[in-house]
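Comments concern the structure below.
No lab work stands behind these numbers, since they all come straight from the coordinates. What you see is a predicted model; the values in this text were computed from it and never measured. Note that each Cβ is placed from the backbone with ideal geometry, even for glycine, and that neighbours are counted across all protein chains shown.
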Amino acid sequence: MKIMGIDHGTNYAGWATMSNGKVQEFGLRDFSAIKMPNVLDAIYQDTVAMIQQQKPRIIVLERPVHFRNASSVMALVGAYSMVTLAALHIGIPIAEIRPSELKLSAAKGGADKETVAIEMQMLFDLDYDELAVPVLYKKDDPKGKYKTGDVKERLFDPSDAVALCWAYHQKQKLKGM
């Protein structure tokens with residue numbers, strides 16, 4: 001069965017597909033240049049296109065459970081709703097994975113995003129920079145703390161999408177499916 005995991009967000013979204021416990025494809029979608037509420041339509045349209053191209057049997061999403069502030073609530077629930085709506089319109093079932101389930105199956109406990117990415121890299125022999133996409137500094141810091149091309153931060157959305165697929169696969173294995 002082909003599983004598609006989507007780590008939804010209004011700035012970036014990770015996606016991955018898996019069949020029989022093996023990663024097929026994964027990537028990162030960039031919505032950061034699109035403002036609210038137009039980004040919601042972009043997420044919906046993009047998700048429809050991805051589902052039609054990849055043809056998964058099920059979409060796996062992380063269940064939204066915690067928020068930092070009201071803006072986070074609107075953004076995360078909005079993105080989650082658009083992905084869900086796209087899947088429903090195409091007739092693809094949705095499965096939810098709680099963050100605690102994701103961390104347990106992906107990294108054996110209360111892991112942070114970097115640990116999940118490392119676990120997915122090792123488990124599936126994937127390129128770390130593709131799983132945890134580096135965002136680089138664009139110019140030298142005048143104080144000399146960093147240089148152009150140094151890693152500023154990482155986007156862990158692709159590794160989270162792979163982990164969603166893996167968590168769902170493991171859950172189904174335990175059920176004997």
**OP:** List the residues whose amide H sits under 5 Å from the amide H of Ile97, counting only those 5 or more places along or on another chain, with H placed 1.01 Å from N in the peptide plane.
**Re:** Leu61, Glu62, Arg63
Original post:
Looking at the chain, do any whole DSSP H helices span at least 15 angstrom along their long axis by alpha carbon and average 1.0 or above on Kyte-Doolittle, and which?
Top reply: 70-90
Original post:
Of Ile97, Ile34, how do they rank once you tally other Cβ atoms within 10 Å and put the fewest first?
Top reply: Ile34, Ile97
Subject >> Ellipsoid equivalent to the chain - semi-axes via the Cα gyration tensor, in Å >> reply: 26, 21, 15
Original post:
Which shape class applies to the range 94-177: rounded if a/c is under 1.5, otherwise prolate when a/b exceeds b/c and oblate if not, where a ≥ b ≥ c are the square roots of the Cα gyration tensor eigenvalues?
Top reply: prolate
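As a test of the formula, what do you get for the chain when each DSSP H run with n ≥ 4 contributes -39,500 (n - 2.57) and the sum is divided by the residue count, at 222 nm and rounded to the nearest 500 deg cm²/dmol?
Details: 6 runs with 82 residues, N = 177.
That calculation yields -15000 deg cm²/dmol at 222 nm.
Quick one: net charge of Ile58's neighbours, Cβ under 12 Å, K/R +1, D/E -1?
+3
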Original post:
Which FRET efficiency value, to the nearest 0.05, do you get for Gln24 and Lys138 by plugging their Cβ-Cβ distance into 1/(1 + (r/R0)^6) with R0 = 35 Å?
Top reply: 0.60
Subject >> DSSP bridge pairs, the chain: antiparallel proportion in percent, nearest 5 >> reply: 70
